[in-house]
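Quick notes on the structure that follows.
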Amino acid sequence: MCRLPGRLLVSLFCLLATPSFGQMVGVVESSSARLGVTAPGCSADAQAVSPVRTQPYTAELKTTMVQLLANGVSIRHESTEVRALDSQGRIFDSRTEAPISADQPAFTWASVNDPVENSQAHWDSQTRTARVIKLPPESQRHGCWATDSGNMRMNYGPEAPADIEAVRRQMKAMVPVPVSKPPQQKDEDLGTITIEGVEAQGHRTTTVVPAGQIGNDKDLVTVSEIWYAPSIGSEVRTATDDPRSGRGAMELTHLDLSEPPLATFQPPEGYEVKVEELHQVPCEQHQMFGGVAGAVHGAVY
């Protein structure tokens, strides 16, 4: 579907990244447009694709991870997530991590993408501070931008055709790095089922890393299962089984298909709100030509 701090940073970066530069350079040949926020991972749209309009919703999900150590000890971790989308395209995603021990409080972070206000925001229960970033107009999203505090910097891609050509030449000159034989992979279509009132399409991927490939004395088998609901543009059930990291499961526990209240997309009462705007700044060489990551429109660096 990105556990502060890692997941917070990745999710924020995903929300801030938007499509454009890839289509000019031709770095990526396919794209995926989505309105919901899922975990894990980010996707950078490389072509101009009109996003599929999904219906408003508020979803509650529960994630469980169980790791079994070599000495037989198991570590269990649980978290809950709330996702919401309204008819104006606002996206809300919050995650609450269960405390590791009884003497520690639960930790909640949240992020919002608001196309109406042209802003991104995030906040957390530890600092009780909300940070709102005002984004530049779509027509001005090129080159590098930063907030006055320097806490946020973004690269929206080349500022001039000459820069685009320079990146194209750099990409052509890149020498592929030799890689070992790819793992064996089997994909299965699991069909369609109904979860919390919405149809979900299932897909299972089984990956086998042959013995000796990465120092393993036996075949290493991992299984990943994903159920995706097109009507809300979001995963509603996932399951993973990897001997290296353990077993994980995410399940949709409640779904409300009515319009979320506007307050959902605003910082909680009593939180300090800090608003910053992005201003265009000169791009440094490594920031403009930093490979594919630096080439993606809206990349944060």
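The values are calculated or read from the model by the stated rules, or taken from the named source; none is laboratory data. In this text the structure is predicted, and so the values were computed from the model without any measurement. No Cβ is skipped: glycine too gets one built from the backbone with ideal geometry, and neighbour counts run over all protein chains shown. Each accessible area value is taken on the protein alone, full model and side chains, heavy atoms only, with ligands, DNA and RNA left out. Shrake-Rupley method; radii C 1.70, N 1.55, O 1.52, S 1.80 Å.
Taking the condition of being closer than 19 Å to Lys274 by Cα, of a type in the set (Phe, Trp, Tyr) and in contact with a Leu (Cβ under 8 Å, 6 or more places away or on another chain), how many residues in segment 91-130 meet it?
Of the residues in segment 91-130, 2 are closer than 19 Å to Lys274 by Cα, of a type in the set (Phe, Trp, Tyr) and in contact with a Leu (Cβ under 8 Å, 6 or more places away or on another chain).
So, Ser30, is that one among the hydroxyl-bearing types (Ser, Thr, Tyr) and either touching a helix residue (DSSP H, G or I) at 6+ places or on another chain (Cβ under 7 Å) or at pLDDT below 50 (or both) or not?
In short, yes.
Somewhere in segment 225-239, is a residue over 30 Å from Val66 (Cα atoms), open to solvent by less than 60 Å² (accessible area, probe 1.4 Å) and touching a strand residue (DSSP E or B) at 6+ places or on another chain (Cβ under 8 Å)?
yes
When the residues of segment 80-94 are narrowed to those that are out of contact with any strand residue (DSSP E or B) (no Cβ under 7 Å at 6 or more places or on another chain) and open to solvent by 40 Å² or more (accessible area, probe 1.4 Å), which ends up farthest from Asp148 (Cα to Cα)?
Ser87
Residues are listed down the side, and each one gets a yes or a no for (1) of a type in the set (Asp, Glu); (2) under 21 Å from the mean Cα position of the chain (by Cα); (3) at pLDDT below 95:
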site	(1), (2), (3)
Pro210	no, no, yes
Gln213	no, no, yes
Glu225	yes, yes, no
Ala229	no, yes, no
Gly233	no, yes, yes
Arg244	no, no, yes
Ser258	no, no, no
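If Leu61 passes every condition in (1) closer than 17 Å to Ser125 by Cα; (2) surrounded by 15 or more Cβ atoms within 10 Å (Cβ to Cβ) but one, which one does it miss?
Tallying (1) closer than 17 Å to Ser125 by Cα; (2) surrounded by 15 or more Cβ atoms within 10 Å (Cβ to Cβ), Leu61 fails exactly one: (1).
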